[in-house]
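Report on the structure given below.
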Amino acid sequence: MIGLTGISYKTSPVEVREQFSLSKEEIIPFSELLQKETEISDIVVLSTCNRTEIYFSQDKYDFQMAAKLVYKTLKHFKGIENKYWHSFYSYENDDAVKHLFEVASGIDSMIIGEDQIIGQIKEAYLFCTEAALTDAVLMRLFQKSFEAGKRVRTETRIKMGATSVSSAAVQKCSALFEDLAAKKVLMIGAGETGGLVLQNLYKNGITKITVTNRTEEKARKLAERHHCTVLPFDQVPSHLYLYDIVIVATGSKVSLVTRTMIEQALTERKGGSQVYIDISVPRNIEENVEGLEAARLFTIDDLQEIVNANMEKRKGSIDAANEIINEIVAEFSEWLASRSLRPAIKAITYNMLKVTKEELSLYNNINSEETQHAIKEFSNHLTQKYTRLFIKNLKEMTSNGKRTESLKLVNELFSIGNE
């Protein structure tokens with residue numbers, strides 16, 4: 001049985017989720033405790049800022065008991081005394097498989113279609129596999145999850161458009177300029193948002209970028225990482241005219257770019273227009289800039305409209321994504337069910353060969369070598385024919401392993417487990 005016990009941004013706030021987060025260094029000690037307290041040893045732990053999920057494969061307990069034991073062991077391991085079971089969700093078999101495929105595809109993410117989660121799943125799977133924590137079922141399950149993630153992203157429009165303000169800023173620039181790669185960009189601000197903007201600029205082929213920040217060392221480190229040039233912060237007013245696009249993302253409480261500064265820049269550009277994008281909160285570009293004819297100003301609210309529109313478009317791809325996911329869930333379910341037939345198939349083959357061998361031995365001493373060979377050939381042919389017939393009927397009777405009651409009868413018939 002495949003099971004899943006987890007907690008995510010959908011069921012709990014960050015102050016609860018962080019209590020159950022498992023670092024890479026904690027996974028093996030946790031697995032050892034789980035093995036000791038429950039005898040569940042085959043697991044994959046996926047722990048990110050938005051979720052902690054423990055996938056497990058076991059046949060010792062019924063599902064509800066197994067899920068509760070995993071939860072209690074996690075609480076014990078993390079030293080948590082408060083009750084949080086109401087914040088956890090648990091799925092078994094096809095439901096657990098479908099959930100993992102949804103996570104891998106990005107449709108269960110806070111930002112629909114985001115790519116980061118698939119890398120996190122691969123890292124979690126590889127770590128647990130290298131630590132010998134996964135069985136054949138979990139290995140197959142996670143490999144199919146990668147297939148689901150790839151197909152959803154390539155066969156649907158779930159990755160359409162920007163889903164963050166930083167990426168929306170670059171999308172806006174792309175819409176405004178046909179020759180965006182030739183434009184010069186000034187990035188004011190060297191924080192996390194500024195770094196994300198730079199990443200998106202480079203993805204779109206823009207390389208003529210200058211970075212500035214009140215703390216020059218911070219600007220220099222960011223510039224080195226992204227191969228940009230650095231402009232001393234106090235030189236911004238006198239150099240503003242050099243840039244086609246100016247993006248501001250700082251935590252300043254006052255405007256860093258004023259109408260006067262922009263008017264001077266436009267005068268020096270001699271009619272050349274400029275685009276200003278302010279993704280700071282509070283705003284760092286004076287509001288009255290919007291009245292300047294040659295300067296176009298876009299604020300965080302403008303960009304949020306782009307993000308929201310793209311998110312709606314991505315939501316429109318969820319039905320198509322689910323069709324792909326359901327197809328791969330069915331494939332995995334078929335494979336998993338067929339595994340349950342292996343002991344029965346092995347027993348049928350073993351018992352048929354055993355009977356044939358015993359019966360042939362009775363003829364070895366009373367017939368010529370030629371007759372013995374003929375009898376052996378005929379017996380082997382008959383054995384193989386009836387073995388194939390039994391296996392064919394077995395698959396039909398059990399719906400390829402899915403009808404467990406029929407499978408139990410077959411197991412008893414061929415004395416599986418007693419050999």
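The values are calculated or read from the model by the stated rules, or taken from the named source; none is laboratory data. Values in this document were obtained by computation on a predicted structure and should not be read as measured data. No Cβ is skipped: glycine too gets one built from the backbone with ideal geometry, and neighbour counts run over all protein chains shown. Just the protein is used for accessible areas: all its heavy atoms, side chains included, with ligands, DNA and RNA removed. Shrake-Rupley method; radii C 1.70, N 1.55, O 1.52, S 1.80 Å.
Listing for the model above:
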{"read-out": "Every residue from segment 17-32 that is out of contact with any Ser or Thr (no Cβ under 6 Å at 6 or more places or on another chain) and open to solvent by less than 40 Å² (accessible area, probe 1.4 Å)", "value": "Arg17, Ile27, Phe30, Ser31"}
{"read-out": "Count of residues meeting criterion [modelled with pLDDT under 95, farther than 18 Å from Gln120 by Cβ, of a type outside the set (Val, Ile, Thr) and in contact with a helix residue (DSSP H, G or I) (Cβ under 8 Å, 6 or more places away or on another chain)] in segment 1-18", "value": "2"}
{"read-out": "Any hit, segment 93-109, residues being under 14 Å from the mean Cα position of the chain (by Cα), among the basic types (Lys, Arg) and not in a helix (DSSP H, G or I)", "value": "no"}
{"read-out": "Extreme residue, surrounded by the most Cβ atoms within 10 Å (Cβ to Cβ), among residues of segment 267-276 that are at pLDDT 90 or above and either within 32 Å of the chain's Cα centre (by Cα) or not β-branched (Val, Ile, Thr) (or both)", "value": "Tyr276"}
{"read-out": "Output for segment 220-245, where each listed residue is open to solvent by less than 60 Å² (accessible area, probe 1.4 Å), part of a strand (DSSP E or B) and either free of Cβ contacts under 8 Å to residues at least 24 places away in the same chain or among the acidic types (Asp, Glu) (or both)", "value": "Val230"}
{"read-out": "Residue within segment 153-167 that is touching a Phe, Trp or Tyr at 6+ places or on another chain (Cβ under 6 Å), in a helix (DSSP H, G or I) and open to solvent by less than 30 Å² (accessible area, probe 1.4 Å) present", "value": "no"}
{"read-out": "Extreme residue, nearest to Ile188 (Cα to Cα), among residues of segment 303-316 that are open to solvent by 80 Å² or more (accessible area, probe 1.4 Å) and in contact (Cβ under 8 Å) with a residue 60 or more places away in the chain", "value": "Lys313"}
{"read-out": "Complete set of residues in segment 247-302 that are outside any strand (DSSP E or B), in contact (Cβ under 8 Å) with a residue 40 or more places away in the chain and touching a helix residue (DSSP H, G or I) at 6+ places or on another chain (Cβ under 7 Å)", "value": "Ala249, Ile279, Ile300"}
{"read-out": "Filtered residue count, segment 51-64, keeping only those that are open to solvent by 40 Å² or more (accessible area, probe 1.4 Å), touching a Ser or Thr at 6+ places or on another chain (Cβ under 9 Å) and not basic (Lys, Arg)", "value": "2"}
{"read-out": "Yes/no for Ser47 being in contact with a strand residue (DSSP E or B) (Cβ under 9 Å, 6 or more places away or on another chain), under 26 Å from Ala321 (Cα atoms) and buried (at least 17 other Cβ atoms within 10 Å of the Cβ)", "value": "yes"}
